[in-house]
Structures are given as C-alpha cells and as structure tokens.
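Contents: one structure, followed by commentary.
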Amino acid sequence: MAILSLFGAFMAMQFEKQPDGYLYRANGKGPAMPATDQEFERFVRDGGFSFLLHVAGFMLAVIGAAILTATWFPEGDEPGGFLLMGSLLLVIGYALYRSLRWAMLAPARKLSGRAPLGAAS
C-alpha cells in the first residue's frame, strides 16, 4: 500500500468491498454507486494527495494570517490583532471545511452518471 493510500483512508471509508468491485456511498449514507477496483484505487490515491494539499494549504494560510496580523499590529497585545487573527482563523476554518467537503465528494461527481445499485441508507 502506498503512502498516499494511507493518507486517503477517509476516502476509502466511503467504499464497501464487493466480489466484483466496490460500492461507493457518499458520506457512507448515499445511494450505492458501483466502482471498479481501479477507480477505487485512484479515488483513494487522489484523496490522499488532496489531504496532503489541504494540510499544506492550512499551514500556509495560518502562517500568512499570523504574518498579516503581526504586520498590522506589531505590538502583539493589541485587541485589534486578536480580533483580526480570530477572524482570519474563522475564515480559514470555513474555507478548509468547504474544500474538504468538496474533495470528499469527488467520487459522487465522477460516478453520478451510473445507475445506483441500492437505495440510500
């Protein structure tokens, strides 16, 4: 198993092994969409790569927010600095949530043209 597959474990949790491939359920609850072994491996690998990009992006965004706050409020103990950094962290957190949600639903977008094999659970 490749290292990217390990980082893609959260993506792999949305798939259920079948004798002839996999069933994908968005967030583990959606309708069961068929997927091949190769598609499963690609989705998990892409999910691992996406995870690493999200971690790097989060770290860079927090560092950028800290630099911006330190530039505008160099004393470090000003209320405006706390307010700015808190606001920036809220924006970063919301953007991270939306981006991760979009990335985790990539199989649903790619498999949307297939007829579901089972109802949503």
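The values are calculated or read from the model by the stated rules, or taken from the named source; none is laboratory data. Just so it is clear, the structure is predicted and the values come from calculations on it, not from any experiment. For neighbour counting, all protein chains shown are included, and Cβ atoms are generated from backbone atoms with ideal geometry for every residue, glycine included.
A few points about this structure:
- On the stretch given as segment 16-38, residues that are at negative phi and in contact (Cβ under 8 Å) with a residue 60 or more places away in the chain total 11.
- In segment 64-91, the residues that are at positive phi and at pLDDT below 95 reach residues that are among the hydrophobic types (A, V, I, L, M, F, W, C) and surrounded by 13 or more Cβ atoms within 10 Å (Cβ to Cβ) with C-beta atoms within less than 8 angstrom, at least six apart or across chains, in these pairs: GLY76/ALA70.
- Of the strands (runs of 3 or more DSSP E) lying entirely inside segment 1-112, those containing at least 1 residues that are buried (at least 17 other Cβ atoms within 10 Å of the Cβ) and over 20 Å from the mean Cα position of the chain (by Cα) span 21-24, 33-35.
- Filter result (in contact with a helix residue (DSSP H, G or I) (Cβ under 6 Å, 6 or more places away or on another chain) and more than 27 Å from MET11 (Cβ to Cβ)) within segment 52-76: ALA65, THR69, PHE73
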